[in-house]
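These notes are about the structure you will find just below.
Derivation of every value follows stated rules applied to the coordinates shown; laboratory data play no part. Since we're looking at a predicted model, the values are computed, not measured. Here the Cβ positions follow ideal geometry from the backbone for every residue, glycine too, while neighbour counts run over all protein chains shown.
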Amino acid sequence: MSDNRLLVPVSDTETLRQTVEYAVQTAVGTEADTPATVRFVYLNPARANQRAEATRRTAEKLLDRVAVWAREDAGERELVVETIHLGADRYIFSPADVANALVTEARGQNRRRVVLDPEYDPGIGAMLVQPLEGKLAGVEGIGVETAPVERQTRRTPVFELTTLGEIGTLFGISFVFYQVLAGNVTWLAANPVEWADKIYWLDIVTGTISATVAAVALSQVTLSTAPTRRSVGRVLRGLVYLPYLLVEIVKTNILVAAVILNPQIPVEPRLTRVRPALWGGLPMAVLANSITLTPGTLSVRITGRSLLVHTLVPRAREGLVDGGLERAVRFVFYGRGAMRMPSLRERGEADPVPADHVRPVDEQSGDDGNGTDTAGSNDTDGGEGR
Amino acid sequence: MIETVRTGGIVLLVLAGLFFTLVSTTGVLRLPDVYSRAHTASQADTLGAGLTLAGVALALGWGTTTVKTVLLLVFVFATNPTAAHAISRAAHEEGIEPWTADDDRTDEELYEAARARVPDGGQSGGNTTTADEPGEQEETG
C-alpha cells in the first residue's frame with residue numbers, strides 16, 4: 001500500500017498518544033506522490049445531543065491536542081494535519097453506525113486507510129474495537145490497521161465508583177423483582193406485623209445471590225450511566241405518564257374498533273413524517289413505542305430525529321400532529337416546563353409523505369436510523385425501572 | 001352482594017377483552033394492506049389481552065399470582081409495539097407502498113410491485129442496514 005493519506009478516529013484514551021505517533025510515522029514513512037496527510041475524526045457520541053455546547057468544546061480540545069502531537073511527531077517532515085468533528089447532527093448508536101460514519105467520511109475524502117486506536121471508544125456504551133474492525137474490514141477499498149501500542153495493565157479497575165452506582169441500582173431492581181416473583185412482597189403487604197415469621201428466608205438468600213450475579217454481570221449492558229436524581233424524577237414522571245398512555249390507548253382503540261366494524265367510515269391510511277423535539281435514543285424509543293401502542297398510529301421508521309408514522313384514519317392523524325404524546329414524553333424526560341410548546345403542526349414539524357415515496361434515496365444511504373429500538377433499550381438511563 | 005359485583009365485573013372485563021380481540025381479528029381480515037393490519041393486530045394485545053388479564057386479576061384476588069398477572073401485562077405492553085414496529089419496518093425496507101384511499105390495487109399487488117422494483121427480483125430484498133454497506137460497495141467500487 002503506497003497510500004499516505006490516513007483517516008484516524010480519535011477518542012480520549014490512554015493509548016491515543018501512541019496511536020497518533022504510529023499514524024504520523026506511517027503517513028510520512030510511506031512513499032507516494034500525494035503529500036502525507038492524517039485526518040483525525042472525532043465522532044459525536046449519541047448521548048451528547050442535549051449537551052451540544054460542552055461536547056463541541058471537548059471535541060475541539062481533543063482535536064487541538066491531537067493536532068499538536070501530530071505536528072510534533074512529524075518534526076521537519078512534511079505532513080498535512082486535518083481535524084474534523086462529525087456526527088453532531090445525527091445519532092450514532094452502534095458499532096455499525098460508527099463504521100457507516102467512518103466509511104462515509106473515508107469515501108468523501110478519498111481515504112483508503114484507516115488507523116484504529118485499540119482502545120478507541122466513541123462513547124456509545126459497550127464498544128470494542130473488534131466489531132468495528134470487522135465491520136470496516138468487510139468494506140471493499142478501505143484498509144484497516146490497528147495501531148500497535150504498548151498498553152499498561154488494564155486501565156479500568158473492576159469496580160469504579162460510577163459503576164458501583166450502576167451495580168447497586170441494578171441489584172436493587174433485580175432483588176425487588178425476585179422478591180415480587182417469589183411472593184415475599186405480597187406476604188409483607190398482607191402481614192406487616194408478623195413479617196419475620198412469614199417471610200421465606202430462603203428466597204432472601206437466593207434472591208441476594210441471583211441479584212448480585214445479574215448486577216455484576218449486566219450492569220454495563222443495562223445502564224449506561226449511574227442513576228442520578230434526575231433519573232429518579234424521570235421514573236416518577238414515567239409513573240404519571242402510564243395512566244395517561246392507558247387512557248389514550250383506550251380512546252384510540254374505541255376509535256379504531258368503530259372504523260373496523262362500521263363499513264360507512266372510510267379507511268384513509270397515510271404516511272406522515274414528524275420531527276418531535278426529543279433528543280437521544282431512549283426518549284425517541286419511548287415516543288415511537290407509545291405511538292405504536294395506540295392503534296391508528298404506527299411508527300414505521302426512525303431516521304435521525306424524524307419519525308415516519310403510518311396513520312389509519314384522519315382522526316388518528318390529527319391526534320398525532322396535535323402532539324399530545326410528544327408533550328407527554330417531553331414531560332417524562334425534561335420536566336413539566338418542557339410541556340409548554342406549540343403542537344407539531346404549528347411548528348411545521350409534520351409533513352404528509354406520498355405513498356410511493358417508500359424508499360427515499362437520501363434515507364437509505366449513509367446514516368440510517370439503524371436499530372433504534374434496541375439502541376433505546378441500551379440507554380436505559382433510569383427509564384421505566386424494569 | 002360484593003361477590004355478585006365481583007363476578008359481574010369479571011364477566012364484563014373478559015367479554016370486553018373478547019370483543020376487542022374479535023375487532024382485531026376482523027380488522028386483520030378487512031383492512032387493505034400490511035401497514036393497516038399491523039395497527040389492528042396490536043389491538044388484540046393491548047385491550048384484548050389487557051382487559052382479559054384485568055378480569056383474571058380480579059378473579060384471583062390479592063396475591064402473588066395477581067402481581068404476576070400485572071407483570072405479564074407490563075411485558076405484553078413492552079413487547080407488542082416492538083413487534084408491530086418490526087413488521088412495518090420490514091415492509092418499509094422491502095419497499096412496499098402503503099395503500100391509500102385512491103389506490104385500487106390489492107395487498108398482493110402492492111407486494112408484487114415492491115418485488116418488481118428491486119433489481120434482483122427481491123432475491124436479497126431483506127437486507128438489514130448493516131448488510132447494506134458491503135452490498136452498496138459491490139455496486140460502486
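Key figures for this structure:
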{"read-out": "Separation in nanometres of the label points that stand 7 Å from Cα toward Cβ, at B:Thr7 and A:Glu318", "value": "4.5 nm"}
{"read-out": "For A:Gly143, distant residues with modelled amide H under 5 Å away", "value": "A:Arg113, A:Val114"}
{"read-out": "The range A:1-37-the range A:261-303 distance, computed between alpha-carbon centres (Å)", "value": "46 Å"}
